[in-house]
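Colleague: Please see the structure below; I have some questions.
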2 protein chains.
Amino acid sequence: MTDEDPVSRYTVRSVAKAFRLLSMVAEAPAEGVTLSEVSQHMGMSKSAAYGLVRTLLDADYLYAREPGPRYCLGTALVWLGDIASRRLPLRDITAPILARLSQQTGLTIRVARVDDGHPVFINRVDAVGAVRFHTPLGVRELPHTSAAGKAILAALPDAEIERIAADCGLPRRTRKTITEVPALLADITVARRRGYAIDDEEDFEGVFCVAAAFFDHDGDCAGALSATGIKVDLPAWRIEELGRMVRAGADEVTGLLGGRPRDREV
Amino acid sequence: MTDEDPVSRYTVRSVAKAFRLLSMVAEAPAEGVTLSEVSQHMGMSKSAAYGLVRTLLDADYLYAREPGPRYCLGTALVWLGDIASRRLPLRDITAPILARLSQQTGLTIRVARVDDGHPVFINRVDAVGAVRFHTPLGVRELPHTSAAGKAILAALPDAEIERIAADCGLPRRTRKTITEVPALLADITVARRRGYAIDDEEDFEGVFCVAAAFFDHDGDCAGALSATGIKVDLPAWRIEELGRMVRAGADEVTGLLGGRPRDREV
DNA sequence: TTCTTTCGTTCGGTATTACCGCACAGCATG
DNA sequence: CATGCTGTGCGGTAATACCGAACGAAAGAA
C-alpha cells in the first residue's frame with residue numbers, strides 16, 4: 001500500500017476515524033445511529049466499530065438512547081463546544097449587539113468570522129417567536145450564497161475574490177444562486193456602494209439575508225453581521241432599513257475591535 | 001502488564017488520549033497550550049504529542065494561534081456542540097421560557113437535566129447587562145452546592161439522597177456549603193414545602209441561586225430551572241418573588257413535557 | 001409455537017501502528 | 001556568538017487496533 005495523500009504520515013488514524021464517526025452522527029437524523037450503521041458507513045468490522053463507540057460512550061462524546069441502542073452526540077461535546085465558542089474573542093464582543101439587533105428587527109441575527117475568505121458563523125440569536133432557521137455554527141460556509149459571505153468578499157480585492165471563487169467553484173444552491181464570477185463581482189460592487197450585502201434566496205428558497213462586514217485594527221475584514229428573515233416579510237423599504245441597522249451594528253463592532261474600516265473601493 | 005481497570009479491553013487508547021488532550025486544552029487558559037505542555041501533561045514524547053495535535057488540527061478540533069503556536073479548541077467543536085445541544089429535547093422546549101424569565105428578572109437563567117441525581121446544565125440565557133457567570137454547560141455538577149441540584153434531590157426519596165450524598169461525598173466549595181447529610185436533608189425538606197430550592201453562597205461566594213424542578217410523564221424529575229444573581233442585589237422579598245416565577249416557569253415546562261408533578265412529600 | 005434473521009457483544013491472533021529516541025531547524029534571549 | 005526554547009522529521013520496535021468467527025438475545029416470518 002502506497003497511499004500517502006489521504007492522511008499525512010503524522011495522522012493518528014484511530015483518532016481521525018473517531019472524528020469521522022462523530023461527523024457521521026452529527027449529519028445523521030437526531031434519533032441517532034445504530035452500531036451496524038456505523039460499521040457500514042465507516043467501512044469497518046462491527047467489532048472495530050464497537051470499540052470506537054465504546055470509547056466515545058465512556059468519554060460522554062456519545063450517549064446510548066434506548067431502544068436500539070441508538071447512539072447520539074453526548075454532553076461532552078456540549079461542554080467543549082460551549083467553552084470553544086466562549087473563547088472566540090468575537091463572540092463576547094458581539095453578543096450584546098446581536099441581542100439588540102434581534103430585538104429591534106424581530107429577526108435572527110448571526111455573526112460570522114472570516115476563514116480564508118469564507119464565513120464561519122460563530123453565534124446566533126433567534127428572535128422570540130420568529131421562524132427558526134437551522135443554521136449550523138462553526139462550519140465554513142460558501143462565500144457566494146450568503147449575505148455574510150458576500151459582505152466579507154466585498155472587503156477583498158477583485159483578484160482575491162476570483163481566486164476564492166475558483167477554489168470553491170460557485171456551486172448552485174437555488175435557482176437564484178450566482179454561479180458566474182462576473183455576476184458575482186457586479187453584485188459585490190453594488191454591495192460596496194450600498195454598504196451592505198444581500199442574499200435574495202440565493203442559499204435557501206424564500207429566505208432573505210442582509211449583512212455588513214466589520215474590520216480589525218489592520219483594516220482587514222474580521223467578519224460580518226447578518227440578519228435573516230423570510231422574503232415575504234421583507235418589502236424593499238424594510239430591507240433598506242435593515243441594511244442601515246446591520247451596517248450600524250457592524251460599524252459598532254469595528255469600533256469595539258479597535259479597528260478602522262477599509263476604504264470601500266478596494 | 002495486568003492493568004485492567006483504567007481502560008476496558010475495548011477502549012481505543014489513541015482516541016481516549018485525544019479526548020484527554022481536548023479536556024486538557026479546555027481546562028487550560030484561553031490563550032491555549034504549547035506542544036511541550038501537551039507532551040508534559042499527557043506524559044508522552046513530543047513527537048507523539050505532535051502527531052496527536054496534527055490530527056486534531058487537520059480535523060479543526062484545534063487551531064494554532066500565533067505566536068507560539070499555542071493550540072486552542074477549534075471550530076469543529078463549536079459545530080458539534082451546537083448540534084448536540086440543539087438535539088437535546090429539553091433545550092428547545094425550555095428556550096422561550098428561559099428567555100422570558102431572563103427578561104422578567106434581569107438575571108441569568110439556566111436549565112439543567114438530570115443525570116443520576118446530578119444536574120447537568122444544558123442551556124443558559126444571560127440577561128443583557130447582567131453580571132456574566134462563567135458556568136459551564138454539559139458537565140455533571142455537584143448536587144448539593146447548586147439550587148438546581150437541590151431542587152432535583154428534593155424530588156427523590158431521602159434514602160436515594162443519602163446514597164447520592166455518599167457517592168459524591170458533599171465536598172466543600174465555600175464557607176456556607178452544606179457538607180453534612182442531616183443538614184442537607186433539612187434544607188431539602190424546607191425546599192419541598194417552599195416549592196423551590198435556594199443556594200445561598202454555597203457554590204460561589206456572593207452568588208445566590210433559586211431553582212425549581214420539572215417532571216416528565218412518569219412523574220420523575222426531568223431537570224430544573226434556576227435563576228442566578230449576586231446576593232447583594234437580592235433582598236428577601238425579591239427572592240420570594242423569584243421563587244414564585246421560577247416555580248411557575250418549571251410548572252410550565254412540566255406541562256410542555258406532558259408531565260405531572262410528583263407529590264411534594266416523597 | 002419454531003425457524004430465521006439481525007442485532008449487540010465478546011474473544012484470540014496478527015498485521016498494522018503509534019510511540020520513543022534521536023537529530024535538525026527556526027526563533028528568541030543572554 | 002552561544003544557549004535555551006520552540007516545532008518538525010525519521011527509523012525501529014513494542015504496542016495496538018482491527019478482522020473474523022461465535023454467542024445470547026430479540027425481533028420478525030412462517
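Colleague: Where the second residue is among the charged types (D, E, K, R) and the first is at pLDDT 95 or above and lies in segment B:239-252, which pairs have Cβ atoms under 6 Å and are six or more apart or on separate chains?
Modeller: none
Colleague: Further, regarding this structure: Within segment A:17-38, can one find any residue that is within 10 Å of DNA strand D (Cβ to nearest atom), under 28 Å from residue B:137 (Cα atoms) and open to solvent by 20 Å² or more (accessible area, probe 1.4 Å)?
Modeller: Yes, some residue in segment A:17-38 is within 10 Å of DNA strand D (Cβ to nearest atom), under 28 Å from residue B:137 (Cα atoms) and open to solvent by 20 Å² or more (accessible area, probe 1.4 Å).
Colleague: Among the residues of segment B:52-69, are any assigned to a strand (DSSP E or B), surrounded by fewer than 21 Cβ atoms within 10 Å (Cβ to Cβ), more than 7 Å from chain A (Cβ to nearest Cβ) and of a type in the set (Ser, Thr, Tyr)?
Modeller: If we filter segment B:52-69 for residues that are assigned to a strand (DSSP E or B), which is where we start, we get B:62-65.
When the remaining residues are screened for being surrounded by fewer than 21 Cβ atoms within 10 Å (Cβ to Cβ), the result is B:63-65.
With the extra rule that they be more than 7 Å from chain A (Cβ to nearest Cβ), the set shrinks to B:63-65.
Next cut, of a type in the set (Ser, Thr, Tyr) only: B:63.
Within segment B:52-69 (the criterion being assigned to a strand (DSSP E or B), surrounded by fewer than 21 Cβ atoms within 10 Å (Cβ to Cβ), more than 7 Å from chain A (Cβ to nearest Cβ) and of a type in the set (Ser, Thr, Tyr)), the answer is yes, since at least one residue qualifies.
Colleague: If a residue must be away from DNA strand C (no atom under 16 Å from the Cβ) and more than 11 Å from residue A:123 (Cβ to Cβ), how many such residues does segment A:63-101 contain? Can you show your working first?
Modeller: To start, the set of residues in segment A:63-101 that are away from DNA strand C (no atom under 16 Å from the Cβ) comprises A:73, A:75-101.
Next, only the ones that are more than 11 Å from residue A:123 (Cβ to Cβ) stay: A:73, A:75-84, A:87, A:89, A:96, A:100-101.
Qualifying residue count, segment A:63-101: 16.
Colleague: Follow-up. Looking at A:87, A:132, A:100 in this structure, which one is open to solvent by 50 Å² or more (accessible area, probe 1.4 Å) and closer than 20 Å to residue B:135 by Cβ? Give the derivation first.
Modeller: Values: A:132 fails: closer than 20 Å to residue B:135 by Cβ; A:100 fails: closer than 20 Å to residue B:135 by Cβ.
From the options A:87, A:132, A:100, the qualifying one is A:87.
Colleague: A further question follows. Would you check which residues across segment B:39-50 are within 11 Å of DNA strand C (Cβ to nearest atom) and either open to solvent by less than 60 Å² (accessible area, probe 1.4 Å) or assigned to a helix (DSSP H, G or I) (or both) and list them?
Modeller: Filtering segment B:39-50 down to residues within 11 Å of DNA strand C (Cβ to nearest atom) leaves B:39, B:42-50.
B:39, B:42, B:44, B:46, B:47, B:48, B:49, B:50, listed by residue number.
Colleague: Related question: Anything in segment A:121-162 that is charged (D, E, K, R) and in contact (Cβ under 8 Å) with a residue 40 or more places away in the chain? List them, or say none. Spell out how you get there, then give the answer.
Modeller: Within segment A:121-162, the subset charged (D, E, K, R) is A:124, A:126, A:132, A:140-141, A:150, A:158, A:160, A:162.
Residues satisfying the conditions are A:150, A:158, A:160.
Colleague: Residue A:47 - would you say it is among the hydroxyl-bearing types (Ser, Thr, Tyr) and more than 11 Å from DNA strand D (Cβ to nearest atom)?
Modeller: no
Colleague: Next question, about the same structure. Does residue A:192 satisfy the criteria of being in contact (Cβ under 8 Å) with a residue 24 or more places away in the chain and open to solvent by 40 Å² or more (accessible area, probe 1.4 Å)? Outline the logic, then answer.
Modeller: On the way: in contact (Cβ under 8 Å) with a residue 24 or more places away in the chain: yes; open to solvent by 40 Å² or more (accessible area, probe 1.4 Å): no.
When the stated conditions are applied, residue A:192 does not pass them.
Colleague: For residue A:124, which of the numbered conditions (1) more than 8 Å from chain B (Cβ to nearest Cβ); (2) open to solvent by less than 20 Å² (accessible area, probe 1.4 Å) fails to hold?
Modeller: (2)
Colleague: All but one of (1) away from DNA strand D (no atom under 13 Å from the Cβ); (2) modelled with pLDDT under 85; (3) under 27 Å from residue A:86 (Cα atoms) hold for residue B:5; state the number of the condition that does not hold.
Modeller: Status for residue B:5: all satisfied but (3).
Colleague: Moving on to the next point. When you look at residue A:14, is it open to solvent by 20 Å² or more (accessible area, probe 1.4 Å), touching a helix residue (DSSP H, G or I) at 6+ places or on another chain (Cβ under 6 Å), within 10 Å of DNA strand D (Cβ to nearest atom) and in a helix (DSSP H, G or I), yes or no?
Modeller: Details: open to solvent by 20 Å² or more (accessible area, probe 1.4 Å): yes; touching a helix residue (DSSP H, G or I) at 6+ places or on another chain (Cβ under 6 Å): yes; within 10 Å of DNA strand D (Cβ to nearest atom): yes; in a helix (DSSP H, G or I): yes.
Considered against the rule, which asks whether it is open to solvent by 20 Å² or more (accessible area, probe 1.4 Å), touching a helix residue (DSSP H, G or I) at 6+ places or on another chain (Cβ under 6 Å), within 10 Å of DNA strand D (Cβ to nearest atom) and in a helix (DSSP H, G or I), residue A:14 comes out as yes.
The values are calculated or read from the model by the stated rules, or taken from the named source; none is laboratory data. Just so it is clear, the model here is predicted, and its values are computed rather than measured. When we count neighbours, we look across all protein chains shown, and the Cβ atoms used for this are built from the backbone with ideal geometry, even at glycine. The protein model used for the area step is the full one, side chains on, heavy atoms only, and it has no ligands, DNA or RNA in it. Shrake-Rupley method; radii C 1.70, N 1.55, O 1.52, S 1.80 Å.
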